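Here is the structure we will look at, set down as structure tokens.
The values are calculated or read from the model by the stated rules, or taken from the named source; none is laboratory data. Not measured: the values here are computed from a predicted model. Heads up, the Cβs are rebuilt from the backbone with ideal geometry, glycines too, and the neighbour counts pull from every protein chain shown.
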Amino acid sequence: MSDHQPLAPDQEAAADVVILAAGDSTRLRSKVPKVLHPLAGRPLIEYSVRLAEAVSPKPPLIVVGRNADALMAQVGDRACYVHQEQRLGTGHAVMQARPSLQGRSQSVLVFYGDMPLVTQESMQQLLALHASNRAQGGVLSLLTFESGNPRGFGRIVRSSAGDVLAIVEEADCTPPQRMITELNPGLYCYDADWLWRSLDLITVSPKGEYYLTDLVAIAVSQGRQVLAHKVSDPVEMLGINTRVHLAEAEAVLRTRINHRWMEAGVTLTDPAATYIDDTVEIGRDTVLLPGVHLRGQSRIGEDCRIGPNTTVVDTVVGDGCRVQYAVLEQAALEDHVEVGPFAHLRKGAHLASGVHMGNFGEVKNSYLGPGVKMGHFSYIGDATIGQEVNVGAGTITCNYDGSRKHHTTIGDHAFIGSDTMLVAPVTIGAGARTGAGSVVTHDVPPGELALGVPARIRPRAE
């Protein structure tokens, strides 16, 4: 989506949103574009896009640079895009948005794509401040924060009466200005007509860049009002430039996510040792024990007990399940399933209601029907198992012949003896049994007994 579509009538009064995301990963020392680094289960840019969607019905315009294709593939048609071919500063970046947005709205909201902690509440406060400012003839409103650790942010210069006069970038600060603790995180709202006219008044800096921050002094020189709202929580203003910053932001997001789920009725016995991606869903009265990692698109039902030391990735878990010391990846558990300890569910594992999978078992690309008991030390791969089947300890489906995978089918109510090797492709009929230690290379008819190496059909004792 390269250009904005015509606006609906209810969108016309809303602000256009410009997200600056043309930066590289220089200080992250990474091949991955900065705004695509993962944070609590989402790429960094997702937090800015979701914030833009929360405060404006208009799709945001993202200014992209090198590696734009990867960013555009991630966000898709939820946004529009313009390229900043030359990296000539933040003012130059906003200039790239002018042809797409000029004449479209009354206000323009501008912020960066690497600030994942800004809340919707703070952004709404900025928009409300700017609405009041515009009503008084003002043209620029911004957010600021207080901190003794400047982290490279520009300083807010005020008059003795407290009016905002300028923003001075840290590299250009005089020694007294460096002592200023009110900082500029780079979140602005502009009168749109004034912004598009005034961008051409920015002069190039000694570094050869056009600073968006110069617009403050330009507005003041014209006698136009500039207002600032100081956010109460400086943590919101944390921008991501290094991997240290990534870790700091991850810790803040994890705390927010954990608090959100506890307030929604989920018990975390040790929140500091519980890791939940922002993309996960959890049902009420579920208990998460220490060492739990819930990642990706995982969905956990109600009344579950997960952990300790369990990782769940892109997996659906039904109601009333018990999972401990286990790894679940791209799997599905229906209701009242028990897994672990020390079990591994791989991609395509589907455990129906009431399945019990004990310790040191592994299931891959297989369906275990209702009530299946798979005690321990077993591997089930590429198999379909009917209901109420007993899978004895040490059972292995030998599904790979060195070049191809083959399927195993086990009928309802079958009994698979301990240490049975099921050499696929093979079918065990309903109600059939295998003896302990058998190597089954041929189909076993329903109700029959197979045992031995290789297994043969034997009469069943009454």
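A few comments on the model shown:
- Residue match in region 66-74 (condition: out of contact with any His (no Cβ under 8 Å at 6 or more places or on another chain), buried (at least 19 other Cβ atoms within 10 Å of the Cβ), assigned by TED's automatic domain parsing to the domain that holds residue 43 and under 28 Å from residue 172 (Cβ atoms)): no
- The residues in region 96-136 that are crowded, with 22+ Cβ neighbours inside 10 Å and basic (Lys, Arg) can be counted, and the count is 0.
- Every listed requirement among (1) free of Cβ contacts under 8 Å to residues at least 24 places away in the same chain; (2) touching a Cys at 6+ places or on another chain (Cβ under 8 Å) is met by residue 176 save one, (2).
- Yes/no for residue 178 being in contact with a strand residue (DSSP E or B) (Cβ under 9 Å, 6 or more places away or on another chain) and surrounded by fewer than 16 Cβ atoms within 10 Å (Cβ to Cβ): yes
- Region 304-319: number of residues that are in a loop (DSSP other than H, G, I, E, B) and either modelled with pLDDT under 95 or in contact with a strand residue (DSSP E or B) (Cβ under 9 Å, 6 or more places away or on another chain) (or both): 8
- Subset of region 244-274 [under 23 Å from residue 30 (Cα atoms) and either touching a residue at least 24 places away in the same chain (Cβ under 8 Å) or touching a Ser or Thr at 6+ places or on another chain (Cβ under 8 Å) (or both)]: 246, 249, 250, 252, 253
- Extreme residue, surrounded by the fewest Cβ atoms within 10 Å (Cβ to Cβ), among residues of region 14-40 that are small (Gly, Ala, Ser) and out of contact with any strand residue (DSSP E or B) (no Cβ under 6 Å at 6 or more places or on another chain): 30
- Residue in region 289-299 that is among the aliphatic types (A, V, I, L, M), over 22 Å from residue 249 (Cβ atoms) and touching a residue at least 24 places away in the same chain (Cβ under 8 Å) present: yes
- If you go through region 44-79 and keep only what is among the acidic types (Asp, Glu) and under 18 Å from residue 104 (Cβ atoms), you end up with just 53.
- Single residue of region 261-298 satisfying the filter (touching a Gly at 6+ places or on another chain (Cβ under 7 Å), in a loop (DSSP other than H, G, I, E, B) and small (Gly, Ala, Ser)) that is surrounded by the fewest Cβ atoms within 10 Å (Cβ to Cβ): 296
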